[in-house]
Amino acid sequence: MLTAALFVAVSVFPQQQRLRSDQLMDRSLYPSTPYRNVQCVGKGSQVAYTRGDTLFFGTVLNMRPIMTLQRLNKLFKDSGLEHTFDYMPAISFINEREFDILLAGERYRYSIPRRTLTKLYDHRAITNASNGDIAPNTYYYAYTVNNDLKVAVVNQTKTFEGKGDDIIYGQSVHRNEFGIEKGTFWSPNGTRLAFYRLDQSMVTDYPRVNTHSRIATSTPFKYPMAGMKSHEVTVGIYDTRNDTTIYLNTRNDTSVAEREMYLTNISWSPDEQTIYIARINREQNHLWLESYDATSGDRRNVLFEEQDERYVEPLHGLYFIPHHDNEFLWISRRNGYNHIYHYSTDGTLLGQLTQGEYEVEDIVGFDEKGLNVFYYANRESAIGRQAYKTNIASGETTLLTTIHGTHSIAINQNGTMLIDYYSNTDTPTAINIVSGTGRVKKELYTATNPLDDYAMPTITLGTIKAANGATDLHYRLITPPDLDSSKRYPTLVYVYGGPHSQLVTDSWLGGANLYFLYLAQQGYVVFTLDNRGTSNRGMAFESCTHRHLGQNELADQMEGVKYLQSLPFVDKERMGVEGWSFGGFMTITMKLAHPEIFKVACAGGPVIDWKWYEVMYGERYMDTPQENPDGYAANSLLDKAGQLEGRLLVIHGAEDPVVMWQNSLEFIDACIQADKQVDYFVYPHHEHNVIGHNRLHLYKKMFDYYETFLK
């Protein structure tokens, strides 16, 4: 069953110090760097960074200090500005002669040759603002207050007034699916603002209760469940030059199907005359990439369509090529893997830039003339991320980051130099300055291991075969320090297993966190497997779970358990499973399906029945309950409660807006009806994740449960 040689990511050292439970949120125990604001400057070999109280600028071989904290404070004081800095603020170079100082709601430009400071904007007077979005060039400010959208232009403010929770302006829609992270989109020159208008008056109110006050208060919100009425979205465009607003004519008719279309991946043309939208049907199996006139709102053209029998899921907008305003790049999975396609704005496909059995994750940018595109992909390793450069005309591709691991880069204007941030199983974090051909010009910084003084577990990454006998699955195995293979250790399977996840990566600690190390130091083996259905392995790998979530995932996870049981130091009688959200669903699924294997389980925020999950995510992976009744029935955990044996701890945030509290409450009721004992813990004022100091409470809660019932 073992198909790949294992390699040790963290070696065992003889130190005796062990992590304490109150250290599990200690940021000082994660890798850090004294370098901040590291960036390429201009077109040549200049770089800049701050270190300590000093800003440095120059070439790789000749860095010189150009600003100190003391001088910066004096500069602001002499300019009549109110700031006194305790440390160097965020700095962004515009070119070799100017840099901007970025503060919350403020921006100042410093001229290096003239030694002068100019205020570009100051929006501090605006209070109670959320979702702030500052326009390029004009520095106009779009923001929301409650559900209103406000646009601060010169000396006036334009307001789009929401109506309670029914009509919302300027905020993210479609529950942050399809790569949507915000609700306002400035045009390239900052003169026009596209924005979402969300009408959810037709969506049923879902009750939430806050018990802080003496008489608990109800705070209902809109939550469209799979198969029920969805919200309706339109896109408006506000023109700051003439104070006019139009709405795009995205609907072909007045039918419910047209009103429930998903409007995603909003992109502006470089000349601000056209706006592009990927429009997707509610079934999520048909995409139309469309262009609209930004003045009239009329549809101009359908550039192309994409269809898939399971689903389409665009996550990125259009990437326009510099100096080629009628050409753009588009990332699509139409041929099984995310790759880059080259288009003209009339919809003509000019070519496919990347291809192969790997995933392009995102585009970083272009060189100044638009000759080359820079992007991330996992071509070298399914668990890593490297940076590449491809010539758009010839297709010639250069690997820019040759060290294994997970990389992030920033490029200079003409693509001749880049800053490379990375970590891998051997390196906590590092910063290199790299040429445009991939040659390391300077190793700027490599962090020391912040856990050097601790007795480190061994972290091993490897592969096993999936339940289909053919597909490689990646795992991470963490074993206690000074492991004695003649002994048997309690073992915990940590699982997520759902879409948009990859837990096993070629990064520091293999993607693990301090909690897993702490468990290993306390004598537990901790195992994680990325089953089929997770990300970055192509469409077939991810979508094989379509319409029957939990089945292939369970089968693959049990192959991982078989591997664990083959290890001489794993105690087969003391195995547990833990997970949150989709992982909570998987945890209970695994516990109920195999009570003979899992003695203990901890499930946080679990989906119990997918008919209680939201429209966009739920229908993408399961279709509707009306279309797929057998699939929904098969993975519902309600009628499986009678299979519960051993110990199960279910944890939920009482104000969870993602996985409704209803899920775990109904499961507890099903356990009661089946005369099964189950342990339950609620975090009264937390949403989907337990955050802040209470996170330590959660860690201790689960650890104590394992100590009592597993170890």
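The values are calculated or read from the model by the stated rules, or taken from the named source; none is laboratory data. The shown structure was predicted, so the numbers you read here are calculated from the model rather than taken from an experiment. Virtual Cβ from ideal backbone geometry, glycine too; neighbours counted across all protein chains shown.
Observations on the model:
- Qualifying residue in the stretch 112-128 (condition: in a strand (DSSP E or B), free of Cβ contacts under 8 Å to residues at least 12 places away in the same chain and surrounded by 13 or more Cβ atoms within 10 Å (Cβ to Cβ)): yes
- Output for the stretch 411-420, where each listed residue is touching a residue at least 60 places away in the same chain (Cβ under 8 Å) and surrounded by 20 or more Cβ atoms within 10 Å (Cβ to Cβ): 411, 412, 417, 418, 419
- Qualifying residue in the stretch 689-702 (condition: modelled with pLDDT of 95 or more, assigned to a strand (DSSP E or B), surrounded by 16 or more Cβ atoms within 10 Å (Cβ to Cβ) and touching a strand residue (DSSP E or B) at 6+ places or on another chain (Cβ under 7 Å)): no
- The stretch 77-91 - residue that is surrounded by 15 or more Cβ atoms within 10 Å (Cβ to Cβ) and modelled with pLDDT of 95 or more and, of those, nearest to residue 441 (Cα to Cα): 91
- Of the helices (runs of 4 or more DSSP H) lying entirely inside the stretch 500-599, the ones with 1 or more residues being hydrophobic (A, V, I, L, M, F, W, C), out of contact with any Gly (no Cβ under 8 Å at 6 or more places or on another chain) and closer than 30 Å to residue 486 by Cα are found at 514-521, 551-565, 582-593.
- Restricting attention to the stretch 654-711, the residues that are acidic (Asp, Glu) and under 18 Å from residue 585 (Cα atoms) total 5.
- The set of residues in the stretch 239-262 being surrounded by fewer than 22 Cβ atoms within 10 Å (Cβ to Cβ) and part of a strand (DSSP E or B) consists of 239, 244, 245, 246, 247.
- Summed over the stretch 333-350, residues that are more than 22 Å from residue 436 (Cβ to Cβ) and assigned to a strand (DSSP E or B) total 6.
- Of the residues contained in the stretch 426-445, none is found to be assigned to a strand (DSSP E or B), of a type in the set (Gly, Ala, Ser) and within 21 Å of residue 502 (Cα to Cα).
- Any hit, the stretch 42-50, residues being loosely packed, with under 13 Cβ neighbours inside 10 Å and in contact (Cβ under 8 Å) with a residue 60 or more places away in the chain: no
- If the condition is being outside any loop (DSSP other than H, G, I, E, B), touching a residue at least 60 places away in the same chain (Cβ under 8 Å) and not hydrophobic (A, V, I, L, M, F, W, C), then the stretch 189-217 contributes 192, 196, 206, 210.
- Apart from one condition, residue 284 fits all of (1) surrounded by 20 or more Cβ atoms within 10 Å (Cβ to Cβ); (2) under 30 Å from residue 324 (Cα atoms); the exception is (2).
- Considering 317, 365, 384, the condition of being under 22 Å from the mean Cα position of the chain (by Cα) and surrounded by fewer than 19 Cβ atoms within 10 Å (Cβ to Cβ) is satisfied by 365 alone.
- Exactly one residue out of 629, 595 is free of Cβ contacts under 8 Å to residues at least 12 places away in the same chain and more than 23 Å from residue 661 (Cβ to Cβ): that is 629.
- Number of residues in the stretch 520-544 that are crowded, with 18+ Cβ neighbours inside 10 Å, touching a residue at least 40 places away in the same chain (Cβ under 8 Å) and under 21 Å from the mean Cα position of the chain (by Cα): the value is 11.
- Failed item, numbered, when residue 602 is tested on (1) hydrophobic (A, V, I, L, M, F, W, C); (2) touching a strand residue (DSSP E or B) at 6+ places or on another chain (Cβ under 9 Å); (3) surrounded by fewer than 20 Cβ atoms within 10 Å (Cβ to Cβ): (3)
- Which numbered condition residue 107 fails, given (1) closer than 30 Å to residue 44 by Cβ; (2) over 33 Å from the mean Cα position of the chain (by Cα); (3) of a type in the set (D, E, K, R): (2)
- Options 549, 517, 509, 492; residue that is farther than 25 Å from residue 711 by Cβ, crowded, with 20+ Cβ neighbours inside 10 Å and either in the same structural domain as residue 609 (by TED's automatic domain parsing) or touching a residue at least 24 places away in the same chain (Cβ under 8 Å) (or both): 549
- Members of the stretch 462-491 found to be within 16 Å of residue 510 (Cα to Cα) and of a type in the set (D, E, K, R), listed by number: 476
- Test result for residue 569, surrounded by fewer than 21 Cβ atoms within 10 Å (Cβ to Cβ), in contact (Cβ under 8 Å) with a residue 40 or more places away in the chain and either touching a strand residue (DSSP E or B) at 6+ places or on another chain (Cβ under 6 Å) or farther than 16 Å from residue 709 by Cβ (or both): yes
- Selection from the stretch 609-642 of residues that are within 27 Å of the chain's Cα centre (by Cα), over 20 Å from residue 671 (Cβ atoms) and not in a helix (DSSP H, G or I): 613, 614, 623, 624
- The combined condition, being over 19 Å from residue 537 (Cα atoms) and either under 24 Å from the mean Cα position of the chain (by Cα) or modelled with pLDDT of 95 or more (or both), is fulfilled by residue 351.
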